[in-house]
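Here the structure is laid out as structure tokens; the discussion comes afterwards.
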Amino acid sequence: MYEGVVQDLIDELGMLPGIGPKSAQRIAFHILAADPADVRRLAKTLIEVKEKVQFCRICFNVAQAELCRICSDPRRDTTVICVVEESKDVVAVERTREFRGRYHVLGGAINPIGGVGPDDLHIRELIARLADGSVTELILATDPNTEGEVTASYLARQIAPMGLTVSRLASGLPMGGDLEWADEVTLGRAFEGRRTVSP
Amino acid sequence: MPVYRDEGVVLRTMPLGEADRIVTLFTRRNGRVRAVAKGIRRTSSRFGARLEPAMYVDLQLHQGRSSLDTVTQAVLLAPYGAVLAGDYGRHTAAAVMLETSERLTSEEREPALRLFLLLVGGLRTLASGEHPSGLVLDAFLLRALAVSGYGMALDDCVHCGEPGPHPSVSVAAGGIVCPRCRPRGAASASLAAVGLLADLLHGDWAGAEATDARTRRESAGLVAAYLQWHLERGLRALPHLERA
């Protein structure tokens with residue numbers, strides 16, 4: 001146990017995800033040894049991020065204003081919506097530079113054992129967004145795991161009566177791997193989604 | 001036993017660090033085991049989809065000094081989780097089965113072979129779609145409670161042994177009660193619902209499937225009340241259950 005504020009700092013850092021007591025102690029002593037200007041900048045950023053960052057009113061992505069950068073950009077295609085679980089997935093898709101439409105961040109995935117059902121996600125808001133008929137295609141880009149698949153199948157069922165084109169991101173073999181190490185489910189998906197090779 | 005092999009069903013997973021997961025497994029010979037699957041969240045992981053919930057896998061595990069083992073190899077025996085993920089209703093039924101199995105195996109590394117076989121059989125039946133998912137779930141729950149020592153008495157009165165069926169169920173007493181023994185708080189039940197519970201417990205699918213939706217709803221309510229009474233804490237998956 002350290003005295004006063006040093007122990008407080010270790011305790012606070014230890015509450016962050018993935019930071020154990022030893023890591024918290026190491027980071028605390030790094031902060032103690034760091035330049036005061038650097039520490040002040042870190043503290044200011046931490047306060048600013050809580051005060052300024054909010055969730056976009058339309059898509060629930062992180063934003064610094066009422067609308068996020070993507071929803072307020074008139075050049076983005078408003079007829080296509082890509083549905084993702086978290087804001088970090090928006091960044092992942094944006095890095096591909098393949099998608100020019102807009103997003104909808106669900107805020108997680110359906111996980112009954114974890115106590116997360118459809119009503120705990122921004123699904124109602126998504127259905128409301130689709131109601132005006134301007135959106136023609138929905139891309140379901142939830143994670144390729146059980147929770148993501150369940151969420152995608154639930155959304156597909158809910159949206160089916162609206163007559164939109166609903167697609168799911170392709171899943172299959174990762175580039176740079178050997179076929180023999182692929183698991184049966186992934187390899188099965190790769191076969192389902194195989195495509196014709198043009199000469 | 002630094003390295004051992006077993007087969008098991010993945011009950012649940014939770015993220016650990018940057019790319020790992022803690023996987024809770026229900027194994028045939030070692031009961032409930034928690035193990036780390038390193039690097040599983042990377043798209044290039046050799047585990048792929050094998051360690052997702054409700055997957056039935058052949059495993060090699062390493063027992064370290066901590067309470068957590070490490071998964072070193074996994075081979076898929078049956079992809080129940082992948083099949084059920086495509087159907088929301090059946091997935092929620094599977095989630096209740098997995099959570100119940102976890103709660104009924106309160107001690108880690110305590111083998112529970114009958115419950116394990118029941119879970120594998122239940123997932124197989126659910127994935128095959130040969131019976132309605134609600135009936136499969138209720139049959140599993142009644143039998144899982146029975147093999148864990150909480151069997152519901154459905155043939156005779158639990159107090160005096162008067163041969164049934166009787167139109168009252170006392171969750172606290174553990175089954176049907178005759179009109180003379182009926183305690184306060186016992187639920188009234190139709191004879192059809194009591195008959196359905198007995199069919200599900202004894203595996204009479206023809207009799208169970210001949211029932212109407214109202215009887216099934218009534219018996220499902222009794223099963224849920226009985227389950228929650230014995231598990232003491234409510235199941236998190238149960239409010240999300242979607243019955244067809």
Matching residues in region B:146-181 - criterion: being outside any strand (DSSP E or B), among the hydrophobic types (A, V, I, L, M, F, W, C) and closer than 21 Å to residue B:221 by Cα: B:146, B:147, B:152, B:154, B:157, B:158, B:171, B:172, B:173, B:177, B:178
For region A:178-199, how many residues are part of a loop (DSSP other than H, G, I, E, B) and either hydrophobic (A, V, I, L, M, F, W, C) or surrounded by 15 or more Cβ atoms within 10 Å (Cβ to Cβ) (or both)? 3
Are any of the residues in region A:96-107 touching a residue at least 40 places away in the same chain (Cβ under 8 Å), in contact with a His (Cβ under 9 Å, 6 or more places away or on another chain) and more than 21 Å from residue B:236 (Cβ to Cβ)? yes
Are any residues in region B:96-143 of a type outside the set (A, V, I, L, M, F, W, C), farther than 16 Å from residue B:33 by Cα and assigned to a helix (DSSP H, G or I), and if so, which ones? B:114, B:121, B:122, B:124, B:125, B:128, B:133, B:134, B:138, B:143
Check off (1) facing chain B (nearest Cβ under 9 Å); (2) within 22 Å of residue A:114 (Cα to Cα) for residue A:181 and give me the number that stays unchecked. (2)
Give the residues of region B:52-63 that are within 14 Å of chain A (Cβ to nearest Cβ) and in contact (Cβ under 8 Å) with a residue 60 or more places away in the chain, sorted by residue number. B:54, B:56
Looking at (1) assigned by TED's automatic domain parsing to the domain that holds residue A:101; (2) touching a helix residue (DSSP H, G or I) at 6+ places or on another chain (Cβ under 7 Å), which is the only condition residue A:131 fails? (2)
Quick check on region B:87-103. Is at least one of its residues away from chain A (no Cβ under 14 Å) and under 30 Å from residue A:152 (Cβ atoms)? no
Could you grab me the full set of residues in region B:48-82 that are surrounded by fewer than 21 Cβ atoms within 10 Å (Cβ to Cβ) and more than 13 Å from residue B:9 (Cβ to Cβ)? B:60, B:62, B:63, B:64, B:65, B:66, B:67, B:68, B:70, B:72, B:73, B:75
Top-ranked residue in region B:1-46 [being among the hydroxyl-bearing types (Ser, Thr, Tyr) and surrounded by fewer than 20 Cβ atoms within 10 Å (Cβ to Cβ); ranked as farthest from the other protein chains (Cβ to nearest Cβ)]: B:4
Residue B:214: passes all of (1) more than 13 Å from residue B:154 (Cβ to Cβ); (2) at pLDDT 90 or above; (3) crowded, with 19+ Cβ neighbours inside 10 Å; (4) not β-branched (Val, Ile, Thr) but (3)
Report every pair of residues separated by at least 6 positions or lying on different chains whose Cβ atoms are under 6 Å apart, first residue within region B:218-244 and part of a helix (DSSP H, G or I), second modelled with pLDDT of 90 or more and of a type in the set (Phe, Trp, Tyr). B:230/B:150
On the basis of being in contact (Cβ under 8 Å) with a residue 24 or more places away in the chain and either of a type in the set (Gly, Ala, Ser) or away from chain A (no Cβ under 14 Å) (or both), does residue B:123 make the cut? no
Extreme residue, farthest from residue B:92 (Cα to Cα), among residues of region B:16-26 that are modelled with pLDDT of 90 or more and more than 14 Å from the chain's Cα centre (by Cα): B:20
Here are B:49, B:74: which of them is within 14 Å of another protein chain (Cβ to nearest Cβ), of a type outside the set (Lys, Arg) and in a loop (DSSP other than H, G, I, E, B)? B:49
Taking the stated definitions as given, is residue B:220 closer than 14 Å to residue B:134 by Cβ and touching a helix residue (DSSP H, G or I) at 6+ places or on another chain (Cβ under 9 Å)? yes
Considering residues of region B:104-118 that are touching a Leu at 6+ places or on another chain (Cβ under 8 Å) and of a type in the set (A, V, I, L, M) only, the residue farthest from the other protein chains (Cβ to nearest Cβ): B:112
Do the conditions hold for residue B:54, that is, is it at pLDDT 95 or above and not in a strand (DSSP E or B)? yes
Single match in B:100, B:105 (criterion: buried (at least 24 other Cβ atoms within 10 Å of the Cβ), within 22 Å of residue B:224 (Cα to Cα) and among the β-branched types (Val, Ile, Thr)): B:100
Check whether at least one residue in region B:183-196 is surrounded by 15 or more Cβ atoms within 10 Å (Cβ to Cβ), under 19 Å from the mean Cα position of the chain (by Cα) and in contact (Cβ under 8 Å) with a residue 12 or more places away in the chain, and report yes or no. yes
What number of residues within region A:120-152 satisfy the criterion of being assigned to a helix (DSSP H, G or I), surrounded by fewer than 21 Cβ atoms within 10 Å (Cβ to Cβ) and within 9 Å of chain B (Cβ to nearest Cβ)? 0
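The values are calculated or read from the model by the stated rules, or taken from the named source; none is laboratory data. Just so we're clear, the structure is a prediction, and the values are computed from it rather than from any experiment. Cβ atoms come from the backbone with ideal geometry, glycine included; neighbour counts cover every protein chain shown.
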